[in-house]
1. Would you be able to say whether some residue in segment 435-445 is modelled with pLDDT of 95 or more, within 25 Å of Leu233 (Cα to Cα) and of a type in the set (A, V, I, L, M)?
2. Please go through segment 32-53 and pick out each residue that is open to solvent by less than 30 Å² (accessible area, probe 1.4 Å) and either among the aliphatic types (A, V, I, L, M) or closer than 11 Å to Tyr99 by Cα (or both).
3. In a helix (DSSP H, G or I) and surrounded by 24 or more Cβ atoms within 10 Å (Cβ to Cβ): is that true of Leu516 in this structure?
4. Does segment 425-439 include one or more residues that are over 18 Å from Ala330 (Cα atoms) and out of contact with any helix residue (DSSP H, G or I) (no Cβ under 6 Å at 6 or more places or on another chain)?
5. List every residue pair whose Cβ atoms lie under 8 Å apart, where the two residues are 6 or more positions apart in sequence or sit on different chains, the first residue falls within segment 295-310 and is without any contact (Cβ under 8 Å) to a residue 60 or more places away in the chain and over 16 Å from Gly336 (Cβ atoms), and the second residue, located anywhere, is assigned to a strand (DSSP E or B) and open to solvent by less than 10 Å² (accessible area, probe 1.4 Å).
6. May I ask you to list pairs of residues, at least six apart or on different chains, whose Cβ atoms are under 6 Å apart, with the first in segment 415-426 being in a loop (DSSP other than H, G, I, E, B) and the second being surrounded by 23 or more Cβ atoms within 10 Å (Cβ to Cβ)?
7. Just name the residue that is farthest from the chain's Cα centre (by Cα) out of those in segment 454-508 that are more than 24 Å from Ala436 (Cβ to Cβ) and among the acidic types (Asp, Glu).
8. Which residues, counting only those in segment 206-221, are assigned to a strand (DSSP E or B), closer than 18 Å to Asp279 by Cβ and not β-branched (Val, Ile, Thr)?
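The values are calculated or read from the model by the stated rules, or taken from the named source; none is laboratory data. Bear in mind that the values here come from a model prediction, so they are computed numbers and not experimental data. Cβ placement follows ideal geometry from the backbone for every residue including glycine, while neighbour counts extend to all protein chains displayed. Please note that ligands, DNA and RNA were not included when accessible areas were found on the heavy atoms of the full protein model with its side chains. Shrake-Rupley method; radii C 1.70, N 1.55, O 1.52, S 1.80 Å.
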Amino acid sequence: MDENRYPDMSRTEEKAPVEERAARDELERLFSDPRLRLTERNYAFLGYIAEKAFAGNTKGAKAYSIAVDVFGRPPSFDPAIDPIVRIEAARLRAALDQYYDAYGAPNGIRVGLPRGHYIADFTHIPHEAAQGPAAAAVSQQAPLIIERGDLHDAADNQQPKSPRRVPKPLLFLVTTLVAALTLVSAAAFFVTPETHVTGRAVDKPLVSLVVQTRDPAYSVRADNLKDDLMVALARFGTLRLAKSQSFARHRSGTAMAGVDRDTFVSPSDYQIALTYRVDSDAHRVTWSVIEPGSGETLFSGQDAVANPAGHADQADAKLVSLLGARFGSAMGQLNGLELHRKADSVEEGNVCVLGSEYAISAGTIAGLAQSRACLEATLKANKRDADANATLARVLVALDEVAGASSNSTAALGLANEALTLAPNSDRALAARMVALYAKGRLDAAFEAGNDALAANPLNAEVASAFALRLYVSGSWAKGAALARSTLASSEIDPPDAALVLALEAYRNGAFTTTLRQLDSIIGEDSTGSALRIATLVRMGRRADAFTALGEANHIHPHFLKLFSNIMTSRHADPSLLATLKRDIAEAGTKASAELRPAMDSNPQNLR
């Protein structure tokens, strides 16, 4: 391949490659434009992945390399435990999208960060798109400015951003923060904190929800959207909701164009301020998450839903779904920020519960062991903590899966049942019961609990994703794949289990290119995903690549093949699926065959 050219990895506007000189010019223009406001380390991040692209690296940099070379993490850094690279990538991607949406691309080239790859993507865009959807409004409205230090963890595929100015924090505070983040010990649990909190239990964050509309005709709709969003957030149970006065209507009944921060009538950790409007083609909400003490906007964005004639209520319901999952999900933006800021208090309490969600997703023994310890400490302090009971149940099952054991399954079911007693309508408790019952081999009862969890909170993509994976690997192909598709179609967070289901479905159907594409969309691939990648490369005749992938998997997950076999067996994988995967992996090379043979011989019932 010509080293001065590299392909478009994510966008479809124009497939012509961008010359390196033109790409460097656009990058230089970006760095010199004061309207692009990134944290110092994300300027370094963008420069790092751009140089990888210029060097002809089409696969992108590894999370480990970025963490060590750019963010100053020590050589012991483990991306499965510390998701800092994924979080910062989401912020960089959102900031770039917001910049181009607001100001356009005068050189006809757009820089992006494609999903599933840590590489700068330079794309030609059509002349009409180069102006940006917000550019025409610049003369009427203040432009969207994302200031240095703002935290943006917005979804990758947001609708075009509406121009909105946010406050500028003091630059010296940002500089101090960046230096502190570099010096913090590698012993921090998941993400290096931005603020220090002691090791005592930390309550769920208290959140004020405020809605405004600038058109009095839609004040009732704005009030209704707020009420529905309060219900959606309450279903997740991850936040405490404070009483706050609506922007939409004053007590006198008159519409308000704006309200000072003093209008927030309850003290809170975060304030979610939303502006609702109805355009001819869509219902839109522009939102900001604000720290009440400083007035700083931590991150902001916009969601929009098409408004077909006569379906206004459906459009508002979709907005509520998007916003509810964005702010209420345990792995969503607001709780991700809470974990990021208070990670050194992980010894007990809510931050331990949040961190454990990531540990369960990563599936590493070290992360799961840390989660078990902090959850047990939380329950020692308060045995009636329903969330800690439910999350510890799932951690115990995950530990059994990686060990190929079932010694914790009874204790896990007891914890899940206790959580359900304490919080009968909790989706977390119901999901824990599903996982524990499944681990004990009671699949029908597990699936009933899964259905109950979805009924308790249809917006919880993590629960739906976990349910879909268990349906699929146990042989309910159609139901598992359908649930995974609907989850990914409606979710802002792309849960990895749902993507893994669709990758498995493509593999079973012989669509191997699609399998790899689905796997590439997963950040932080686990042992099952790695096994599927190796098997797929073998099926495509790429045995050298498969052998290389096997070596990488063994480096990340020692005794990788045994770990994969343990997990799939513990998840009651369909024998035909497991046997096919094992046979394909064995073709990756003689080392694979030698390591895999004992596992195959010890589980003859898994072979057909």
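1. Yes.
2. Asp33, Leu36, Leu38, Leu46, Ile49, Ala50, Ala53
3. Details: in a helix (DSSP H, G or I): yes; surrounded by 24 or more Cβ atoms within 10 Å (Cβ to Cβ): no.
Here the answer is no, as Leu516 does not meet what is asked.
4. no
5. Here the result reads Val305/Ala282; Val305/His283; Ala306/Ala282; Asn307/Ala282; Asn307/His283, each pair linking segment 295-310 to a residue that is assigned to a strand (DSSP E or B) and open to solvent by less than 10 Å² (accessible area, probe 1.4 Å).
6. Ala423/Ala429
7. Per the stated criteria, the residue is Glu505.
8. Gln212
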